[in-house]
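Participant: Structure below; questions to follow.
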Amino acid sequence: MSRKGTGGNRFYDILETPVGTVYLVFSGPLLTGIFFARPEGLVMKSNEETGSAKGELAEYFEKGRKDFTCGTAFLEGTDFEREVWEMLREVPYGETRTYKWMAEKVGKPHAFRAAGNALGKNPIPIIFPCHRIIESDGSIGGYSSGTDIKRRLLEIEYYTRLSKG
C-alpha cells in the first residue's frame, strides 16, 4: 500500500525500458513518481534507495513481474484520486478493466469521468497500472503519457502472459 509522503529530499533516477527512458522520482527511499519526461528541478541520483524500485521495474519489462513491493508514496491527490490509484492494484497483470468498473469499485458508479480524470493524474503508473483501464466499448482510451505508450504496455503484458502460458 502506498503511503502519504513528506516530499522532502526529492531526486530522480533513470531506467531504460522498451517504451523509452523512464524517470523514477523518489522522496528519500519512497518512489513517488514515474514519468516519461525528465522531471524539472530535481537532481539525478542513483543509490541504494533507488535499487529496489529500479530492479522491480526492470523485471516487469524483462520478465513480466506482476507484483511490486518497493515503497511508494503519493505526495499529492485528493482522497478520491488516491482511492482510484490504490484500486488499480486489483486489476490483474495482462488484463483490462473499464472506467465504469473503476467507478463502481470505488463506490461511485456514475463517476466514471471523475475516475478517468483521476487516472490521468496517477503519479506512479505501471506500479499502479492505469494503462489497464480502457473504454467500455473496448477502445484504448487515454493515457497521460500518450496512447502509444499505453498500447505498448498492454502488448508487453499480453505477450508475456501468453508466453508463460
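Participant: Can you tell which of 17, 72, 21 is in contact with a helix residue (DSSP H, G or I) (Cβ under 7 Å, 6 or more places away or on another chain), at pLDDT 95 or above and under 22 Å from residue 156 (Cβ atoms)?
Facilitator: None of the other options fit; the residue is 17.
Every residue, every condition in (1) in contact with an Asp or Glu (Cβ under 6 Å, 6 or more places away or on another chain); (2) at pLDDT 95 or above; (3) outside the structural domain of residue 129 (by TED's automatic domain parsing); (4) buried (at least 16 other Cβ atoms within 10 Å of the Cβ), yes or no:
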{"residue": "68", "(1), (2), (3), (4)": "yes, yes, yes, yes"}
{"residue": "81", "(1), (2), (3), (4)": "no, yes, no, yes"}
{"residue": "85", "(1), (2), (3), (4)": "no, yes, no, yes"}
{"residue": "94", "(1), (2), (3), (4)": "yes, no, no, yes"}
{"residue": "102", "(1), (2), (3), (4)": "no, yes, no, yes"}
{"residue": "112", "(1), (2), (3), (4)": "no, no, no, yes"}
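Participant: In the stretch 7-47, which residues are basic (Lys, Arg) and in a strand (DSSP E or B)?
Facilitator: Selection gives 10 alone.
Participant: Considering only the stretch 58-86, state which residues are assigned to a helix (DSSP H, G or I) and over 16 Å from residue 132 (Cβ atoms). Break it down into steps so the answer makes sense when it comes.
Facilitator: Here is the first cut: in the stretch 58-86, the ones assigned to a helix (DSSP H, G or I) are 58-63, 79-86.
Passing the criteria: 58, 59, 62, 63, 79, 80, 81, 82, 83.
Participant: I'm checking my understanding of the structure. Among residues of the stretch 36-45 that are surrounded by 14 or more Cβ atoms within 10 Å (Cβ to Cβ) and without any contact (Cβ under 8 Å) to a residue 40 or more places away in the chain, which one is farthest from the chain's Cα centre (by Cα)?
Facilitator: Once the filter is applied, the top-ranked residue is 42.
Participant: Sort out which residues of the stretch 57-66 are free of Cβ contacts under 8 Å to residues at least 60 places away in the same chain and either crowded, with 16+ Cβ neighbours inside 10 Å or in contact with a helix residue (DSSP H, G or I) (Cβ under 6 Å, 6 or more places away or on another chain) (or both), and write them in order of number.
Facilitator: Correct list: 65 only.
Participant: Moving on to the next point. Look at residue 33 and say whether it is at pLDDT 95 or above and small (Gly, Ala, Ser).
Facilitator: yes
The values are calculated or read from the model by the stated rules, or taken from the named source; none is laboratory data. What you are looking at is a predicted structure, and each value in this text was computed from that prediction instead of being measured. Please note: Cβ atoms are built from the backbone with ideal geometry, for glycine as well, and neighbour counts cover all protein chains shown.
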